[in-house]
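Notes follow once the structure below has been shown.
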Amino acid sequence: MHEDLDKKLCEKYPEIFRNRHEPVTKTPMGWGFECGDGWYDLIDTLCHNIQHYIDWENKYPKAHAENIEQVVASQVKEKFGGLRFYIDYNSDETIRGMITMAESMSYHICEECGDRGKSHGSGWIRTLCDRHAAKYEYRELDI
Ligand SMILES: [Zn+2]
């Protein structure tokens, strides 16, 4: 991901990306966002929803509810054409659901530009729009 977008995500969500500049020997988050710019909005929206949920629920807790732990990202990357958003242990079902939703959506969004995309490739599978698939000479997958 372009460094300007990387910086923007870290500035908008300092708690989620608090380990962004830790050494890579300590956390893979130190590598940065290991995916294309096309998923910026997806990651931004995911983090916005996660942080809003944590802040809101902790400000106005439901009766007998425990505090929701802050989410800290441990790795954000592309794998087999999909977004992987790994976090330090957090058992909150709502947050898990948000992450699953974003990871599923990534299979329909071009990793390069954010347009509608599909799975392409044979060795290295990537999610790309028709334009970027043609540019990189990727073949559409029948899946
Ligand atoms: Zn594209």
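What to note about this one:
- Of all aspartates and glutamates in the structure, those lying under 16 Å Cα to Cα from residue 59, and not within fewer than 8 positions of it along the same chain, are 69.
- This model, with +1 at the C-beta of Lys and Arg and -1 at the C-beta of Asp and Glu, gives region 102-143 a dipole about its Cα centre of some 60 debye.
- Positive minus negative residues near residue 74 (Lys, Arg vs Asp, Glu; Cβ under 13 Å): +2
- For the residue pairs 7/62; 7/135; 8/77; 7/118; 26/118; 12/118, the alpha carbons lie more than 23 Å apart in 7/62; 7/135; 7/118; 26/118; 12/118.
- Helix 3-12 and the long axis of the chain differ in direction by around 20°, with both axes built from C-alpha atoms.
- Remark on the chain: hydrodynamic radius 16.0 angstrom, per the Kirkwood mean of 1/r across alpha carbon pairs.
- Rounded Å value of the spacing that divides the Cα centres of region 2-42 and region 56-81: 17
- Here the calculated FRET efficiency for residue 4 and residue 63, from their Cβ-Cβ distance with R0 = 30 Å, stands at 0.10, rounded to the nearest 0.05.
- Cβ-defined net charge surrounding residue 132, 15 Å radius [Lys, Arg +1; Asp, Glu -1]: -2
- Cα long-axis angle, helix 93-105 against the chain (0 to 90 degrees, to the nearest 10): 10
- Heavy-atom accessible surface of residue 125, to the nearest 10 Å², is about 40 Å², with a 1.4 Å probe and all protein chains retained.
- Gyration tensor (alpha-carbon) shape descriptor, region 102-143, a/c threshold 1.5: oblate
- Placing 39, 31, 56 in order of accessible area, with the largest value first and a 1.4 Å probe, yields 31, 56, 39.
- Shape category assigned to region 1-62 from the gyration tensor of Cα positions, a/c cut at 1.5: oblate
- Here the Karplus curve 6.51 cos²θ - 1.76 cosθ + 1.60, taken at θ = phi - 60°, turns the phi angles of region 55-66 into couplings of 5, 5, 5, 7, 7, 10, x, 6, 4, 6, 7, 7 Hz, with x standing for Gly and Pro.
The values are calculated or read from the model by the stated rules, or taken from the named source; none is laboratory data. Note that the coordinates shown come from a computational prediction; the quantities given were computed from them, not determined experimentally. Note that we place each Cβ from the backbone using ideal geometry, even for glycine, and neighbour counts take in every protein chain shown. For the accessible areas, the whole protein counts, side chains as well, though only heavy atoms, and no ligand, DNA or RNA atoms are used. Shrake-Rupley method; radii C 1.70, N 1.55, O 1.52, S 1.80 Å.
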